[in-house]
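Each remark here refers to the structure printed beneath this line.
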Amino acid sequence: MSFLRIYDQVANVVKSGGKCLAPDQLVWTESGPVSAKELDGKRFVALSFDPPSGSFKAKWATARKSGQKQLVRVTTDKGTFDVSSDHPFLLAGSRMPAMAGQLSPGQRLYALNCSKHTSKGAETGYTNIGSTWRGAELWHRMIARDILAVDISNKVVHHKSGIPSDSHPSNLSVLDGQSVHAALHNAEL
């Protein structure tokens, strides 16, 4: 990991959950990655680390402009992130976050992978959220579990619109098993 302190003199930063992101920084939402400036004033579902459970969860968030702050550019093998110096990062092997302004070159950050799921060579719109030690979980299932507060064990999470990339909570319903899900799709046909 390398880092560089920068000051954003051109655009305001966007604040979400008490921390700040540069306007062009991508945020993982129920619609996939969206720039922080596009989220200003909007309520959205975000991916967030939950220290008590030691896992990532879906949660509601609202972004708003918060003025100019000193930014830190953090570069990893996963990309470059422009965040405020008080933005938390999870260090590998730790459950307590470290602030971006306190990071040093060579520190290992916890790796989280967010990627579109493909099936038979075609992108389905489903999103895998996972780490090197936990395996992958589908984003729409995390949203049903954490936002809709439904036990999704042995259940199928259905996209009402038929668009798998639309994981907004209002577009999701939880069904009792694959046979019920298949019957629903057969009835639609």
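Observations
- Atom-type composition of the exposed protein surface of segment 68-107 places 50 percent of the accessible area on carbon and sulfur (1.4 angstrom probe).
- For Leu172, distant residues with modelled amide H under 5 Å away: Lys160
- Prolate/oblate/rounded label for segment 136-189 (Cα gyration tensor, a/c 1.5): oblate
The values are calculated or read from the model by the stated rules, or taken from the named source; none is laboratory data. Note that this is a predicted model, so its numbers are computed, not measured. Ligands, DNA and RNA are stripped out before the accessible areas are found, and what is left, the full protein with its side chains, is counted by its heavy atoms. Shrake-Rupley method; radii C 1.70, N 1.55, O 1.52, S 1.80 Å.
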